[in-house]
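Here's the structure, in C-alpha cells; my notes come after.
The values are calculated or read from the model by the stated rules, or taken from the named source; none is laboratory data. All figures in this text were calculated on a predicted structure; none of them were measured in a lab. We place every Cβ from the backbone using ideal geometry, glycine too, and count neighbours over all the protein chains shown.
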Amino acid sequence: MTVAHELNRPDLTHRVQAMYREVAEHPEHNFHFETGRLLAERLGYPARDLDAIPAGAIESFAGVGYFLDFADIASSDTVVDLGSGSGMDSFLAGLHAHRVIGVDMTDEQLGKASRLAYTAGIANVGFRKAFIEAIPVPDRTFDVAISNGVINLAPDKPAVFAEASRLLKPGGRLALADIVTDRQLPDGVTCDAALWAACIGGAMPIDDYRKAIEEAGFSVTAERVNDEYRFLSDSAVNATRKWGVKSISLCAVKK
C-alpha cells in the first residue's frame, strides 16, 4: 500500500478547496506560498504578456514556475490547463492558442476565471469543473496540456499523467511546473492532509515523478529547477532544507 492510499482523500480535497477558495477571494492574505504579479515576474513570466490578460487572474496566481516557453503553443493548438485556478496560465496560453479549456475542482476559482473571461471578452478561453484525474472530454482532444503547481496536490499522480496522455494527440506536449523532492518524504508528512494542501506533503521524489510521466507514455524532453520559487512559512522552508523540496519546470512529449 502506498502512502497516498493512507491519506484521508476527502479531507485533502476539502482542505485544498478551502485554501484555493481563499486564494481566489482573498489573494492578499498570507499563505505558505507567494501569490500575485511580483511572483509571476520573478519566476520569468514576461511583463508584456501579463499586461495583455485580466489583472484579476494575476492577483490570484499561485503557481510555482514558468513553463510556457516549453509548451511552444501555436495558433492552431487546443490546450487544456490541468488545475487552472483563477486562469492566469489559461489566459496566457490563449494569447497564442486556438482554444484553451481550464479545468479545476474549486467553484470559486472557476467562477472568478469565468467572470474575468466574460468581462474581458475573451472568447477562446473557457473553464469547466472536473478533477484532473478524470476530465469528461474525448481521447486525443488536445495538442498541449499545461499545469502549474497542481499535480503535487493529487493523491494519484500516475492517474493524472495517464489522463494527460489520454487527452493528448500523438506528439502532444505536456508542459508543467510543480513541486518535487530530492528525497522521499516521511509518512508523517505524506499522510498529513494539511501539509498536502500546503504543496508540501504531496511532493514526489523527482526520479519517481519522471518515471510516472514516462510510464504514462511520454518522453521527457526538457527540465529545469526554478530557483526563484520559495515558500514563506517556517514549516515549508524547513521542509525545503530537510528533504530538498523544490520547484521544477518540465516538458514531455507523448509518444
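A residue that is in contact with a Gly (Cβ under 9 Å, 6 or more places away or on another chain), touching a residue at least 40 places away in the same chain (Cβ under 8 Å), under 30 Å from Ser76 (Cα atoms) and aliphatic (A, V, I, L, M) occurs nowhere in segment 181-191. In segment 128-148, the residues that are more than 21 Å from Ile73 (Cβ to Cβ) and modelled with pLDDT of 95 or more form Cβ pairs under 9 Å with partners that are of a type in the set (S, T, N, Q) and crowded, with 16+ Cβ neighbours inside 10 Å, at six or more places apart or across chains, as follows: Lys129/Thr106; Phe131/Thr13. Tallying residues that are of a type outside the set (S, T, N, Q) and in contact with a strand residue (DSSP E or B) (Cβ under 6 Å, 6 or more places away or on another chain) within segment 132-148 yields 8.
Residues that are under 18 Å from the mean Cα position of the chain (by Cα) and closer than 17 Å to Ser84 by Cα: find the helices (runs of 4 or more DSSP H) completely inside segment 135-250 holding 1 or more of those.
Values: elements: 157-167, 187-190, 193-197, 206-215, 234-243.
It comes to 157-167, 193-197.
Picking from Gly36, Gly85, which residue would you name as being touching a Phe, Trp or Tyr at 6+ places or on another chain (Cβ under 7 Å) and over 21 Å from Ala164 (Cα atoms)?
On the way: Gly85 fails: over 21 Å from Ala164 (Cα atoms).
None of the others qualify; the one that does is Gly36.
Restricting attention to segment 58-106, the residues that are more than 20 Å from Ile151 (Cβ to Cβ), small (Gly, Ala, Ser) and surrounded by 19 or more Cβ atoms within 10 Å (Cβ to Cβ) add up to 2. The residue that is nearest to Phe91 (Cα to Cα), counting only those in segment 19-62 that are in contact (Cβ under 8 Å) with a residue 24 or more places away in the chain, of a type in the set (Asp, Glu) and part of a helix (DSSP H, G or I), is Asp49.
Looking only at segment 159-179, decide whether some residue is farther than 22 Å from Gly102 by Cβ, out of contact with any helix residue (DSSP H, G or I) (no Cβ under 6 Å at 6 or more places or on another chain) and either small (Gly, Ala, Ser) or at pLDDT below 95 (or both). Yes, there is a match, as at least one residue in segment 159-179 is farther than 22 Å from Gly102 by Cβ, out of contact with any helix residue (DSSP H, G or I) (no Cβ under 6 Å at 6 or more places or on another chain) and either small (Gly, Ala, Ser) or at pLDDT below 95 (or both).
Among the residues of segment 136-158, the ones that are under 16 Å from Glu214 (Cα atoms), surrounded by fewer than 21 Cβ atoms within 10 Å (Cβ to Cβ) and in contact with a helix residue (DSSP H, G or I) (Cβ under 6 Å, 6 or more places away or on another chain) come to 1 in all.
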